[in-house]
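Single-structure report; data block below.
The values are calculated or read from the model by the stated rules, or taken from the named source; none is laboratory data. Keep in mind that what you see is a predicted model, and the values were worked out from it rather than measured. Neighbour counts are summed over all protein chains in view; Cβ atoms, including those assigned to glycine, are modelled from backbone coordinates with ideal geometry. Keep in mind that these areas ignore ligands, DNA and RNA; they rest on the heavy atoms of the full protein, side chains included. Shrake-Rupley method; radii C 1.70, N 1.55, O 1.52, S 1.80 Å.
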Amino acid sequence: RAKAHGGSSYEFASAGMADRARDAIVLEADLRRALQREEFRLYYQPQVDLKTGEIVGTEALLRWQHPVKGMISPGAFLPLAEQNGQIVPINEWVMREACRQAMTWIEEGLPPIRIAVNLSPVQFRKQNMRALVTEILETSGLPPGRLDLELTETILMENSEVVTNDLLFLQKLGVGFSIDDFGTGYSSLGYIKRFPVARLKIDQGFIRNLETDPNDAAIIKAIIGLGKSLNLSITAEGVETEEQAAFLRKEGCDEVQGYYFGRPMPPESFAELFRPKARLVYSA
Ligand code: C2E
Ligand code: MG
Ligand code: MG
Ligand code: MG
């Protein structure tokens, strides 16, 4: 640090490098204070049943309302939070806030939808997940069947005994599990049988080019087929066009999530989706 202030050690480094190093240090310091300063927000993205067109669930997605930089996406700070362990308290806050919000919506009379929360591999290493989830469900009053925990293939590949026991315990309570970004990880299918998973979420990378890349279309069909034979529900992520939705409907995909059906939005906007439209009020 003394050297940095003296300036000599950075003399030959490009200004860009020094700027980036300083930015990273400032970001880390800001991140450490963000929870306590209540700068995190959850945005909610609808999950739609392709048969009925109804919203059947929502994924809670983390945002950081930075006092200077504005709204920051998780891709810009979660890797850092994973590295320095901050992800553990942050994700605990996410689960608590999502369950609280979901319970409020129940009390306000919204239809019974699932609420999906993303979990990090670090949590399973550092926390007693069954105790945490049980406590949060009790505190919020949310029926366990409304909670859908999104797991990555990484979570399932490592630490499998602890993970298996935690998941089986929570499944007995009624909690559901999805595999997020399915198809991008190790693609070892063996673990699907070992864990009490209810749903596969097809990674948006396969959806993006499905009209132009026959391989992507084939992979999507294969995952939907796998879901049917293993009795798993299939959600497609990143659906942006009517054409993509039509393809997925034709192939028997159960649910969709994507900009075509709704972007991640603040909780007030999400609740608005369920209010009767003004034009219905005046239509008589
Ligand atoms: P994910 O769980 O796969 O979430 C889906 C991501 O795709 C979200 O990005 C969402 O905004 C984006 N998305 C949804 N529909 C579309 C679409 O039609 N087109 C495109 N281009 N993108 C779409 P977001 O919110 O930036 O989150 C990125 C990732 O950060 C998430 O991917 C998830 O892995 C992670 N993440 C978000 N919130 C949390 C959290 O609370 N905890 C943890 N551990 N991870 C989180
Ligand atoms: Mg997710
Ligand atoms: Mg995903
Ligand atoms: Mg992702």
Original post:
When the chain is treated as a GNM, springs tying every alpha-carbon pair under 10 Å, which of 133, 68, 88 comes out with the largest mean-square fluctuation?
Top reply: 68
Subject >> Relative compactness, the stretch 200-239, computed as alpha-carbon Rg over 2.2 N^0.38 Å >> reply: 1.09
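Which chymotrypsin sites (Phe, Trp or Tyr not before Pro) in the stretch 175-232 sit in a loop by DSSP (not H, G, I, E or B) and have at most 12 other Cβ atoms within 10 Å of their own Cβ? Intermediate results must be reported in sequence, preceding the final value.
Working: sites: 177, 182, 186, 191, 206; in loops: 186.
In loop regions of the stretch 175-232 (DSSP not H, G, I, E or B), the sparsely surrounded chymotrypsin sites (Phe, Trp or Tyr not before Pro) are 186.
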Original post:
What is the magnitude of the charge dipole of the stretch 90-160 about its Cα centre, with +1 placed on the Cβ of each Lys and Arg, -1 on the Cβ of each Asp and Glu, and no other charges, expressed in debye to the nearest 20?
Top reply: 120 debye
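Please compute the length gained on full extension between residue 222 and residue 28, using 0.36 nm multiplied by the number of residues separating them and subtracting their Cα-Cα distance.
Numbers: separation 194, 0.36 × 194 = 69.84 nm, distance 4.18 nm.
Taking 0.36 nm per residue and subtracting the Cα distance, the gain is 65.7 nm.
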Original post:
Under a no-solvent Debye model with one identical scatterer per Cα of the chain, what's log10 I(q)/I(0) at q = 0.10 Å⁻¹?
Top reply: -0.61
**OP:** First measure r as the distance between the Cβ atoms of residue 76 and residue 241, then evaluate 1/(1 + (r/R0)^6) with R0 = 25 Å and state the FRET efficiency to the nearest 0.05.
**Re:** 0.40
Original post:
Per residue, what accessible area does the chain have, given a 1.4 Å probe and all protein chains present, in Å²?
Top reply: 52 Å²
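Express in nm, to one decimal, how much length is gained between residue 161 and residue 230 on full extension, taking 0.36 nm for each residue of separation and deducting their alpha carbon distance. Display every interim value, and only then the final one.
Details: separation 69, 0.36 × 69 = 24.84 nm, distance 2.22 nm.
This chain segment gains 22.6 nm when fully extended.
Leaving ligands, DNA and RNA out of it, report the carbon-plus-sulfur percent of the accessible area of the chain at a 1.4 Å probe.
Values: 7810 of 14770 Å².
Carbon-and-sulfur percentage of accessible area, whole number: 53.
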**OP:** Rounded to whole Å and ordered largest first, report the semi-axes of the equivalent ellipsoid of the stretch 89-160 derived from its Cα gyration tensor (root of 5λ).
**Re:** 24, 12, 9
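Exposed loop sites here are trypsin sites (Lys or Arg not before Pro) in DSSP loop states with at most 13 other C-beta atoms within 10 Å. What is the longest stretch of the chain lacking them? List each step's numbers first, then the result.
Numbers: sites that count: 1, 37, 51, 69, 277.
Longest site-free region, per DSSP loop and neighbour criteria: 70-276.
Where Lys and Arg each count +1 and Asp and Glu each count -1, what net charge lies around residue 222 among other residues with Cβ under 12 Å from its Cβ? Can you show the working numbers first?
Numbers: positive: 221, 228; negative: 216, 251.
Combined, the nearby Lys, Arg, Asp and Glu give 0.
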**OP:** Might you report the magnitude of the Cβ-based charge dipole of the stretch 133-259 about its Cα centre, with Lys and Arg at +1 and Asp and Glu at -1, to the nearest 20 debye?
**Re:** 560 debye
Original post:
What residue among 215, 226, 185 has its Cα farthest toward the positive end of the dipole of the stretch 179-236, where the charges are +1 on Lys, Arg and -1 on Asp, Glu, each on the Cβ?
Top reply: 226
Subject >> Between helix 87-107 and the chain: long-axis angle, C-alpha atoms, 0 to 90°, nearest 10 >> reply: 40 degrees
Original post:
What is the count of Lys pairs in the stretch 201-284 whose alpha carbons sit under 23 Å apart, if the two are 8 or more places apart or on different chains?
Top reply: 5
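Can you give the helix-only mean residue ellipticity at 222 nm for the chain, where every DSSP H stretch with n ≥ 4 adds -39500 (n - 2.57) and the sum goes over all residues, rounded to the nearest 500 deg cm²/dmol?
Values: 14 runs with 137 residues, N = 284.
For the chain, the value works out to -14000 deg cm²/dmol.
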**OP:** Could you tell me the distance between the Cα centroids of the stretch 127-186 and the stretch 37-103, to the nearest Å?
**Re:** 16 Å
Original post:
Can you give the charge dipole size of the chain about its Cα centre, rounded to the nearest 20 debye, using +1 on the beta carbon of Lys and Arg and -1 on the beta carbon of Asp and Glu?
Top reply: 380 debye
